[in-house]
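This report refers to the structure that appears directly beneath it.
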Amino acid sequence: MPQRAGLRLRTLEDLFGYAEAEGVTLRIDGMETQVRRPRAHRPDRRAFVSGKRKQNTVKTTTISDGQGRTLWSGAVRPGRMHVQICVRTEGIAEQFRVHPDVRAEVDDGYRGLANEFPGQVSAPPRKPKNRDADTAPLTEKYGWREYKRRQSSRRICVEHAHAEYRVASAPAIHRAT
C-alpha cells in the first residue's frame with residue numbers, strides 16, 4: 001500500500017480485513033482478455049470461448065479501491081466461466097459473510113452477489129420494463145438512467161485498474177506504436 005510502507009495484502013483475507021479496518025469501499029469487476037485459440041484435441045478447448053465476446057478469452061477478477069489501485073487480482077479462469085462462479089470459487093462471497101462491514105461497488109454481472117448481500121454490495125438497478133412504456137412515468141426512466149450513471153462513475157476506478165493491466169501485458173510491438 002503506497003500510504004503505508006510495509007503493508008502487503010497477500011491474500012483475499014488480508015484484503016477484506018484491511019477494507020473492514022480502514023472503511024475502504026471495494027470495487028469488484030471481471031476482465032476478459034482475448035487469448036490464442038487452444039490447441040486442437042485439447043479436452044477443455046471450448047471452455048475458453050466467451051459467450052459474451054464470441055472469442056477465446058480468459059477471465060480475471062480484480063478488486064481495487066476508490067483511487068484505482070489494484071488491491072487484488074484473482075486467478076485466471078477460462079472465458080466461458082461466469083463472473084458469479086468466479087466469485088464463489090475464489091471465496092469472495094465467503095469473505096463478505098466473514099466481514100459484514102465491508103462495502104463494495106459492482107456492475108450488472110454481479111447482481112446475484114448484490115442480492116445475496118444487499119447491505120454490503122451495491123449493483124446498478126434493473127432497467128424499467130418496456131411493457132409499461134405508455135403508463136410508466138418518464139421520471140422513472142430518467143431516474144434509472146441517472147442512478148446507473150452515478151453508480152458507473154463511482155466504479156470507473158476499477159476499469160482504470162484493468163487498463164493498467166492491459167497496457168502492461170500488451171506485446172512490445174503494440175507499445176512501440
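For a quick check: sort 117, 96 by the number of other beta carbons within 10 angstrom, fewest at the front.
Values: 117 17, 96 21.
Fewest-to-most Cβ neighbours within 10 Å comes out as 117, 96.
Show the residues, 5+ positions off or on another chain, whose built amide H is closer than 5 Å to the amide H of residue 72.
Counting only residues 5 or more places away or on other chains, the set is 63.
At 37 °C and 0.692 mPa s, grab the translational diffusion coefficient of segment 87-128 from Stokes-Einstein with a Kirkwood Rh over Cα pairs, rounded to a whole number in µm² per second.
Values: Rh = 10.5 Å.
Calculated translational D: 311 µm²/s.
Can you run phi through the Karplus equation (6.51, -1.76, 1.60; θ = phi - 60°) for segment 55-70 and list ³J(HN,Hα) in whole Hz, with x for Gly and Pro?
9, 7, 9, 10, 10, 10, 8, 10, 10, 10, 9, x, 9, x, 7, 6
Stretch residue 94-residue 75 to full length: gain in nm at 0.36 nm per residue minus the Cα-Cα span?
Details: separation 19, 0.36 × 19 = 6.84 nm, distance 1.63 nm.
Roughly 5.2 nm would be gained on extension.
Express in nm, to one decimal, how much length is gained between residue 139 and residue 35 on full extension, taking 0.36 nm for each residue of separation and deducting their alpha carbon distance. Working shown, then result.
Values: separation 104, 0.36 × 104 = 37.44 nm, distance 4.35 nm.
Extra length from residue 139 to residue 35 when fully extended: 33.1 nm.
For residue 67 and residue 9, FRET efficiency with R0 = 22 Å and r from the beta-carbon atoms, rounded to 0.05? Let's see the in-between values first.
Numbers: r = 15 Å, r/R0 = 0.66.
The value I calculate is 0.90.
Sort segment 54-103 into rounded, prolate or oblate with this rule: let a ≥ b ≥ c be the square roots of the eigenvalues of the Cα gyration tensor; rounded if a/c is under 1.5, and if a/c is not under 1.5, prolate when a/b is larger than b/c, oblate otherwise. Intermediate values should be presented prior to the final figure.
Details: a/c = 2.95, a/b = 1.49, b/c = 1.98.
Oblate is the answer for segment 54-103, as a/c is 1.5 or above yet b/c matches or exceeds a/b.
Quick note: the coordinates plus some simple rules give every number you see, no bench work behind them. Since this is a predicted model, take the numbers as computed values, not measurements. All Cβ positions, glycine included, derive from the backbone under ideal geometry; neighbour counts span all protein chains shown.
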